[in-house]
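Comments concern the structure below.
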Amino acid sequence: MNTADLGRRVGVPSTALFTDQYELTMVQAALKAGTADRHSVFEAFTRRLPEGRRYGVVAGTGRVLDAVENFHFDDEMIGFLRQQEIVDEPTLEWLAGYRFSGDIWGYPEGEVYFPGSPILRVEGSFAECVLLETVILSILNHDSAIAAAASRMSAAAGGRRLIEMGARRTHELSAVASARAAYVGGFDATSDLAAGFRWAIPTVGTSAHAFTLLHDSERDAFRAQVDSLGRGTTLLVDTYDVTEAVRAAVEIAGPELGAVRIDSGDLLLVAHRVRQQLDELGATGTKIVVTSDLDEYAIASLAAAPVDAYGVGTQLVTGSGHPTCSMVYKLVARAGSAEPDAPLVPVAKKSLGAKSSVGGRKWAARRTDEHGVAEAEVIGTGPVPEELADRQLLAELVRGGEVIAREPLDTIRDRHVAARAGLPMSAIQLSRGEPVIPTEYA
């Protein structure tokens with residue numbers, strides 16, 4: 001079976017060109033120097049959390065596994081690389097047969113992380129591992145940023161329903177990935193049908209202001225929507241006058257009206273007025289959904305409002321001010337030769353400022369106090385202390401090039417809820433601060 005057949009079998013297009021050119025030129029130089037086959041260990045980590053964040057959220061691992069599995073160069077790609085003279089013929093021949101055959105360990109998706117956490121460890125020959133740098137970082141940096149924002153919003157929502165609605169505010173492919181990451185971080189549904197199709201995330205959606213404006217009156221619009229979608233639908237009530245719209249909505253749908261959506265104005269004040277009006281009209285079971293450029297701070301400010309669900313778009317899919325996690329992918333150990341039994345030598349970048357790294361293949365564990373609450377992220381390269389043996393965080397994801405750890409999204413989502421609950425309570429405070437637990441090197 002050739003690589004094109006493998007791509008079709010998995011059902012995902014090749015990810016091999018989701019990379020930077022220097023990954024390929026490094027492979028060419030290493031092949032010529034005889035160092036390409038040296039056993040190597042790369043780790044993905046971040047040196048710091050975005051300003052004001054107390055913890056990070058691992059998201060995108062499942063997409064990374066798909067990307068690794070589908071990283072191969074077909075004939076058309078090889079032809080492009082040849083035509084553009086990106087690399088030489090011996091390297092093209094090597095790339096044509098490329099399939100990752102190494103091992104990958106990582107924090108389980110949905111877990112939290114801190115500065116220095118070895119979120120992903122990729123091990124194999126230098127050449128096969130270095131090729132994966134860009135696509136791995138592209139996925140982890142994006143998805144973890146969205147999941148972290150979603151987690152903060154979920155904590156601020158206090159159990160109220162959250163709907164991801166950002167597809168119109170980002171790239172069409174990023175929208176699908178964002179919906180997945182938001183679901184990991186605690187959102188309940190998405191408006192994006194591609195995300196529902198690809199990831200089986202619950203989808204929701206009813207109508208926009210355009211539907212109301214299409215009709216000769218707001219009542220005509222409401223009647224058309226109720227006739228088509230039933231009394232349990234959600235009616236948008238802020239196109240004209242909210243009070244009149246709520247009255248018309250209940251008259252047309254009856255007290256069985258599912259929900260009303262408010263998309264403008266002073267949401268706190270309007271939500272209270274709408275709730276009072278709905279109750280007076282007998283629609284005590286009708287829910288209130290609010291949208292309109294929400295972020296975690298706006299959601300927290302509505303904690304006392306009679307709101308049942310939040311729809312979040314722009315701020316969510318842009319990471320609520322932090323669209324990347326600044327993760328890096330660094331070589332931390334390599335063999336002194338290409339011999340199979342050559343011992344690993346720790347290596348690390350030594351730079352001025354804050355861009356240095358710590359060498360060596362690492363383990364990670366989370367130390368807890370007597371109440372089971374996390375108190376430190378412990379990272380080391382030697383033997384794991386006995387008291388931390390059952391607190392280790394890295395899980396095996398790929399063995400000998402074969403993915404062994406795919407999980408349902410609901411499992412990942414539940415893991416995040418548990419991981420966040422295991423942090424000190426100050427982790428969910430929206431006030432600015434340092435990471436909620438320190439990173440210690442053993």
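Values in this text are rule-based calculations from the coordinates and carry no lab data. Owing to the predicted nature of the structure, the values given are computational and were not obtained by experimental measurement. Quick reminder, even Gly has a Cβ in these numbers, built from the backbone with ideal geometry, and neighbours come from all protein chains shown.
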Report task. Along Cα→Cβ, 7 Å out, is where each label goes; now give me the distance between the ones at Gln276 and Ser426 in nm to one decimal. Result -> 4.0
Query - Estimated inter-spin distance, His209 and Arg82, nm [label 7 Å along Cα→Cβ] - result: 5.6
Query raised in the report: So what's the gap between the Cα centers of the stretch 217-291 and the stretch 180-207, to the nearest angstrom?
Result: 24
Report summary line: Given 81-91, 261-271, the highest-first ranking by average Cβ count within 10 Å works out to 261-271, 81-91
Query raised in the report: ³J(HN,Hα) across the stretch 115-120 via Karplus (A = 6.51, B = -1.76, C = 1.60, θ = phi - 60°), whole Hz, x for Gly/Pro?
Result: x, x, 4, x, 4, 9
Query raised in the report: Points 7 angstrom from Cα along the Cβ direction at Ser292 and Glu339: gap in nanometres?
Result: 7.2
Report summary line: To the nearest 0.05, the calculated FRET efficiency linking Tyr22 and Arg399 through their beta-carbon distance, R0 being 30 Å, is 0.55
Report summary line: Whole-Hz Karplus couplings 3J(HN,Hα) for the stretch 403-417, θ = phi - 60° and coefficients 6.51, -1.76, 1.60, Gly and Pro as x, run 5, 10, 9, 6, 9, x, 4, 5, 5, 5, 4, 5, 4, 5, 4
**Report entry** At R0 = 60 Å, FRET efficiency that the Cβ-Cβ distance of Ala303 and Val347 yields, to 0.05
**Finding:** 0.75
Query - Descending semi-axes in Å of the chain, equivalent ellipsoid built from Cα gyration tensor - result: 47, 27, 16
Query raised in the report: For the Cα atoms of the chain, what angle does the longest principal axis make with the long axis of helix 242-253, in degrees from 0 to 90, nearest 10?
Result: 80
Report summary line: Amide H contacts under 5 Å for Tyr113, restricted to residues at least 5 apart in sequence or on another chain and with H modeled in the peptide plane, are Gly56, Val57, Val58
Query raised in the report: Near the amide H of Phe73, under 5 Å away, which other amide H atoms are found, from residues 5 or more places off or on another chain, if H is placed in the peptide plane?
Result: Tyr98
Query raised in the report: For a label point 7 angstrom out from the Cα of Thr381 toward its Cβ, which stretches of the stretch 416-442 have the backbone nitrogen within less than 15 Å?
Result: 441-442
Requested in this report: Would you work out which of Val398, Ala376, Leu388 lies farthest towards the positive end of the dipole of the stretch 354-398, given +1 charges on the beta-carbon of Lys and Arg and -1 on that of Asp and Glu, about the Cα centre?
Outcome: Val398
Query - Rounded tilt (10° steps) of 21-33 against the dominant C-alpha axis of the chain - result: 10
Requested in this report: Give, rounded to the nearest 20 debye, the magnitude of the charge dipole that the chain has about its Cα centre when Lys and Arg contribute +1 at Cβ and Asp and Glu contribute -1 at Cβ.
Outcome: 740
Report task. Compare the peptides 304-316, 371-383 by average per-residue count of other Cβ atoms within 10 angstrom and give them in order, highest first. Result -> 304-316, 371-383
Requested in this report: Just report the Cα centroid separation between the stretch 51-77 and the stretch 159-175, whole Å.
Outcome: 19
Query raised in the report: By per-residue mean of other Cβ atoms within 10 Å, what is the highest-first order of 20-29, 249-258?
Result: 249-258, 20-29
Query raised in the report: Roughly what angle does helix 267-280 make with the longest principal axis of the chain, taking Cα atoms, 0 to 90 degrees, to the nearest 10?
Result: 50
Report task. Any lysines with Cα under 17 Å of the Lys355 Cα? List them, leaving off those in the same chain fewer than 8 positions away. Result -> Lys330
Requested in this report: Would you kindly derive the ³J(HN,Hα) couplings of the stretch 369-378 from the backbone phi angles with the Karplus curve 6.51 cos²θ - 1.76 cosθ + 1.60 (θ = phi - 60°), listing them in order in whole Hz, with x for Gly and Pro?
Outcome: 8, 5, 9, x, 8, 4, 10, 6, 9, 9
Query raised in the report: Nearest 20 debye, what's the magnitude of the dipole of the stretch 349-415 about its Cα centre given +1 on Lys and Arg Cβ and -1 on Asp and Glu Cβ?
Result: 640
Report summary line: Looking only at aspartates and glutamates whose Cα falls under 19 Å of Lys287's and that sit 8 or more positions away or on another chain, we get Glu164, Asp188, Asp238, Asp241, Glu244, Glu251, Glu256, Asp263, Asp266, Asp279, Asp308
Requested in this report: Pull up all non-local amide H partners of Lys349: gap of 5 or more, or a different chain, and H-to-H distance under 5 Å with H placed in the peptide plane.
Outcome: Ser357
